[in-house]
Amino acid sequence: MAINVLIVDDSPTVCAMLSQIMGNAGFNVVGIGKSAEEGLELAAKLKPDVITLDIEMPGKSGLQALPLMQKACDAAIIMCSTLTNQAAQATLQSLEKGAFDYIPKTEIGKSFTPDMLKERVTNAYAYVTQKRKGESNYKPSVPIASLPH
């Protein structure tokens, strides 16, 4: 069964890279939202399995949108973040608020390989599938302690 992924990011470059990597990995990109508001509408309408959500966007931030997306659909949410100190703080907050994992946005296609992305999305899908069955044992693939402070 294909894993349905929604990408929410205001950067056309990041959307294109993520979309291409996801497609090559065999995932089904069901939509791309260019803002948190658009992402929320798409999440409610498309009911994806996994959502990649940018933390820093104009208007509503990914951190603000996270709880709304969790209410809009039952998906595992992977935050996309630049690895600045401020963004690392927001990443930690998003993980505390229930995001499944994070992706270092500036490293996509560099030190963060397509295989690593595929593994995170697959883990997120396994998590959301268990959660939907009521068997969740939440474990992010990266220990929170390893994030830059």
- Note on the structure: For segment 42-93 (alpha-carbon point model, no solvent) the Debye-based log₁₀ I(q)/I(0) at q = 0.19, 0.31 Å⁻¹ works out to -0.61, -1.24
- Query: For segment 59-121, what does the alpha-carbon gyration tensor say about shape, rounded, prolate or oblate, given a ≥ b ≥ c as the root eigenvalues, a/c under 1.5 as rounded, and a/b over b/c as prolate?
  - Reply: oblate
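Using the crude model of +1 on Lys and Arg Cβ and -1 on Asp and Glu Cβ, and no other charge, please compute the dipole size for segment 29-76 relative to its Cα centre, in debye to 20.
Charge dipole of segment 29-76: 120 debye, to the nearest 20.
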- Item | Amide H partners (placed H, <5 Å) of Val29, local residues excluded | Val5
- Item | Set of aspartates and glutamates with alpha-carbon distance to Lys45 below 14 Å, sequence-local pairs under 8 removed | Glu37, Asp74
- Query: Pairs Lys110/Lys131; Lys105/Lys133; Lys47/Lys97; Lys47/Lys110; Lys71/Lys110; Lys34/Lys105: which exceed 27 Å Cα-Cα?
  - Reply: Lys110/Lys131; Lys105/Lys133; Lys47/Lys110; Lys71/Lys110
- Label model pair Glu38, Arg132: point-to-point distance (7 angstrom along the Cα→beta-carbon line) in nm is 2.6
- With runs of 4+ DSSP H residues as the only contributors, calculate the mean residue ellipticity of the chain at 222 nm using -39,500 (n - 2.57) per run, divided by the residue total and rounded to the nearest 500. -14000 deg cm²/dmol
- Message: Taking just the alpha carbons, could you work out the radius of gyration and Dmax for segment 1-98, both in angstroms?
- Response: 12.4, 38
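Values quoted throughout were computed directly from the atomic coordinates according to the rules given, and no laboratory measurement underlies them. The structure displayed is predicted, hence computed values, not measured ones. Neighbour counts are summed over all protein chains in view; Cβ atoms, including those assigned to glycine, are modelled from backbone coordinates with ideal geometry.
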